[in-house]
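Okay, structure first, notes after.
The values are calculated or read from the model by the stated rules, or taken from the named source; none is laboratory data. A quick note: this is a predicted structure, and the numbers were derived from the prediction, not measured. Cβ placement follows ideal geometry from the backbone for every residue including glycine, while neighbour counts extend to all protein chains displayed. Please note that ligands, DNA and RNA were not included when accessible areas were found on the heavy atoms of the full protein model with its side chains. Shrake-Rupley method; radii C 1.70, N 1.55, O 1.52, S 1.80 Å.
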Amino acid sequence: MSNEFEALQRQWQSDKDGIESKPQDIENTISSIKKKKNWSVRFHYGNILVLSLVLIGIIAFFYFIAPVKELLSRIGVGAMIGGLILRVIIESLSVVKSKKINMVDDALQTTNDTIAFYNFRKTIHGPVTIAIIVLYTVGFYMITPEFSLYFKTWQMILIDVSYIFGAIIPFIAVRKSIKKEITTLIEIIELKKKMTEESM
């Protein structure tokens, strides 16, 4: 990665021949983009790890502890697991896309690629994430009729209500991460503007 960074610095300085600019400003701009890229990759790996653990936990629960028998329940479990698998695939795709951002391209191209990547993430955080949450929630409540055969009414109410409250904590954490990603996108766009103005 350090070799990529040095190559990007050389490319930037080559592209900027004949333009008066402070070397420290250039170095800070490039360093900022590099840090944001590294944070993004770590964020996606963290998401993949957490989602994979949840996925394994749910599969183990329905296989070893509460294997459902009714068709409706099985569709519900499939929807829950399918939603999580889809999200893991999306996060894995995000890692691949992030790593394809070539830090040895010219600085403006690198910034454009980074902006395209964050726009992709912005789309994921919108309708795609909402669809996955809805799919998971519908799947969860599809299991309720079968579970009601084994649990008392008050227990089922507790389970169904606790799902709502239990989902609030991860929702807040995800929302915070989404805001950080969107903020990063805005910052990179601002960096691009700065670089464009300097090259004029």
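Which residues, taken from the range 39-50, are open to solvent by 40 Å² or more (accessible area, probe 1.4 Å) and free of Cβ contacts under 8 Å to residues at least 12 places away in the same chain? 42, 49, 50 - these are the residues of the range 39-50 that are open to solvent by 40 Å² or more (accessible area, probe 1.4 Å) and free of Cβ contacts under 8 Å to residues at least 12 places away in the same chain.
Annotation for the range 11-26: no member residue is modelled with pLDDT of 90 or more, open to solvent by 30 Å² or more (accessible area, probe 1.4 Å) and not in a helix (DSSP H, G or I).
Of all residue pairs spaced 6 or more apart or on separate chains, none has beta-carbon atoms under 6 Å together with a first member in the range 179-200 that is open to solvent by 40 Å² or more (accessible area, probe 1.4 Å) and of a type in the set (Phe, Trp, Tyr) and a second member that is modelled with pLDDT of 75 or more and in a helix (DSSP H, G or I).
Please work out if residue 140 is more than 30 Å from residue 37 (Cβ to Cβ) and at pLDDT below 90. Here the answer is no, as residue 140 does not meet what is asked. Contact map, the range 124-140: residues that are more than 14 Å from residue 163 (Cβ to Cβ) paired with residues that are at pLDDT 85 or above and open to solvent by less than 40 Å² (accessible area, probe 1.4 Å), Cβ distance under 6 Å, separation 6+ or inter-chain. Pairs shown: 124/90; 132/83; 132/87; 135/79; 135/83. Among the residues of the range 122-165, those identified as closer than 15 Å to residue 66 by Cβ and among the polar types (S, T, N, Q) are 144, 148, 155.
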